[in-house]
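Colleague: Below is the structure I would like to discuss, written out as structure tokens.
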Amino acid sequence: MNYINDFKIIIHELNNINDNNIYILREDLIPYSFGGNKVRKALNFLTEIKDGNYNCIITYGSKSSNHVRVIANLANDLKIQCHVITPVSEGDTFNNKISKILKVNFIECKLDNVKSTIDKTIENLRNAGLNPYFIEGGGHGNLGTKAYHNVFNEIVDFEGKHKIYFDYIFFASGTGTTQAGLIIGNKLLNQRKEIIGISIARNANKGIQVINESISNYINELNLDLNISIDDIKFNDEYIVNGYGSYNLEIKNTVINQYKNYGLPLDPTYTGKAFWGMNEYIRKNIIKDKNILFIHTGGLPLFFDFILKESN
Ligand SMILES: *Cc1c(COP(=O)(O)O)cnc(C)c1O
């Protein structure tokens, strides 16, 4: 999948909200495994796997995880085994079914036993003579942060080329390295963009704490001369509804209307929830006459889960 190293970001205009110009960064159009931010992160893992001569991958994710699908695809390309620890849950999703086609070995366990199951699986693989590469759920870690630090730089390149400057960047924020990378890029280039993560599940305390850790880890590893405070982390938990995967009628209508009006596929777990949250935030905070960039972070198979469910 080396060819996607040359992939150029796609940003286009979408619509107007409150006299703001809304633009969208189409990470969903990255030409690998239905795209999305997990592909950006996976590219960095790929380099490490090759350099370290790893010969199997082990990671963690729920049945609807985009991360797992992308890593399954990557392992399949590299012709190495892929073991995925997943919490027990009912039913299948498109992501989960795609991963099965790619011959992922799913190891189900109770949520409480995830850590011990991961440790045990790694030990078993080592005992079997393999050299396992472990990836945290969601592609969390410095390589995930690096992916979106790079994307921030690409956004700034785009601005210079097209003479469009963004005041705000909104996106769905989960495990937080997408947000950590963007915040670091913003600071390093002395930009004053408002980077606003719309939480898809976590409460603000937890979300901010984890993003803060991600930022510190990255700054330490790269020895950056950078001071980022808690106040720089705008992680909004007002739009999580009832937590991961839950959605209300407004989110449902957002997904349907964006598809109807712009042919834009969103999903209720990530991008649709964040897009709705962004709209609400703009109205509530009376933001006007700004250039606003929404990052479509991918997750296209979840759009189809939604269609299947809502059409029944
Ligand atoms: C994983 C994911 C996110 C969240 O990214 P984080 O870096 O974990 O915050 C957002 N959108 C989609 C579609 C995702 O799959």
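Colleague: Has the range 212-229 got any residue that is in contact with a strand residue (DSSP E or B) (Cβ under 7 Å, 6 or more places away or on another chain) and either within 12 Å of the ligand (Cβ to nearest atom) or of a type outside the set (Phe, Trp, Tyr) (or both)?
Modeller: The answer is no; no qualifying residue exists.
Colleague: Would you check if there is a residue in the range 79-96 being without any contact (Cβ under 8 Å) to a residue 40 or more places away in the chain, away from the ligand (no atom under 16 Å from the Cβ), assigned to a helix (DSSP H, G or I) and within 20 Å of the chain's Cα centre (by Cα)?
Modeller: No - not one qualifying residue is present in the range 79-96.
Colleague: While we're looking at this one, here's another question. Sort out which residues of the range 138-154 are open to solvent by less than 20 Å² (accessible area, probe 1.4 Å) and over 14 Å from residue 43 (Cα atoms), and write them in order of number.
Modeller: 152
Residues checked against (1) more than 16 Å from the ligand (Cβ to nearest atom); (2) under 18 Å from residue 309 (Cβ atoms); (3) of a type in the set (Ser, Thr, Tyr):
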{"residue": "252", "(1), (2), (3)": "yes, yes, no"}
{"residue": "255", "(1), (2), (3)": "no, yes, no"}
{"residue": "263", "(1), (2), (3)": "yes, no, no"}
{"residue": "271", "(1), (2), (3)": "no, yes, yes"}
{"residue": "275", "(1), (2), (3)": "no, no, no"}
{"residue": "278", "(1), (2), (3)": "no, no, no"}
{"residue": "284", "(1), (2), (3)": "yes, no, no"}
{"residue": "290", "(1), (2), (3)": "yes, no, no"}
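Colleague: Can we say residue 111 is buried (at least 17 other Cβ atoms within 10 Å of the Cβ) and farther than 25 Å from residue 7 by Cα?
Modeller: no
Colleague: Let me ask you something else. Please state which of the following conditions residue 39 fails to meet, knowing it meets all the rest: (1) modelled with pLDDT of 95 or more; (2) surrounded by fewer than 24 Cβ atoms within 10 Å (Cβ to Cβ).
Modeller: In the conditions (1) modelled with pLDDT of 95 or more; (2) surrounded by fewer than 24 Cβ atoms within 10 Å (Cβ to Cβ), residue 39 misses (2) alone.
Colleague: If you scan the range 164-174, which residues turn out to be open to solvent by 10 Å² or more (accessible area, probe 1.4 Å) and either modelled with pLDDT under 95 or more than 8 Å from the ligand (Cβ to nearest atom) (or both)?
Modeller: 164, 165, 167, 168
Colleague: Let me ask something else about it. Within the range 11-33, is even one residue within 17 Å of the chain's Cα centre (by Cα), within 16 Å of the ligand (Cβ to nearest atom) and of a type in the set (Phe, Trp, Tyr)?
Modeller: Within the range 11-33, one or more residues are within 17 Å of the chain's Cα centre (by Cα), within 16 Å of the ligand (Cβ to nearest atom) and of a type in the set (Phe, Trp, Tyr).
Colleague: I would also like to ask the following. Residue check: is residue 203 surrounded by fewer than 16 Cβ atoms within 10 Å (Cβ to Cβ) and at pLDDT 95 or above?
Modeller: Yes; evaluated as a whole, the condition is true for this residue.
Colleague: Moving to a separate point now. Could you figure out which of (1) more than 14 Å from the chain's Cα centre (by Cα); (2) within 14 Å of the ligand (Cβ to nearest atom); (3) of a type outside the set (Gly, Ala, Ser); (4) under 23 Å from residue 269 (Cα atoms) isn't true of residue 178?
Modeller: (1)
Colleague: Further question: For residues in the range 244-293 being in contact (Cβ under 8 Å) with a residue 40 or more places away in the chain and at positive phi, which is surrounded by the most Cβ atoms within 10 Å (Cβ to Cβ)?
Modeller: 245
Colleague: Mind listing just one residue for me: the one in the range 80-99 that is over 20 Å from residue 118 (Cβ atoms) and at pLDDT below 95 and, of those, surrounded by the most Cβ atoms within 10 Å (Cβ to Cβ)?
Modeller: 92
Colleague: Give 151, 156 a once-over and let me know the one that is within 14 Å of the ligand (Cβ to nearest atom) and either in a helix (DSSP H, G or I) or under 24 Å from residue 215 (Cα atoms) (or both).
Modeller: 151
The values are calculated or read from the model by the stated rules, or taken from the named source; none is laboratory data. Keep in mind it's a predicted model, so treat the numbers as computed, not measured. Positions of Cβ are generated from backbone atoms using ideal geometry, with glycine treated the same way; all protein chains shown enter the neighbour counts. These accessible areas exclude ligands, DNA and RNA; they are computed on the full protein's heavy atoms, side chains included. Shrake-Rupley method; radii C 1.70, N 1.55, O 1.52, S 1.80 Å.
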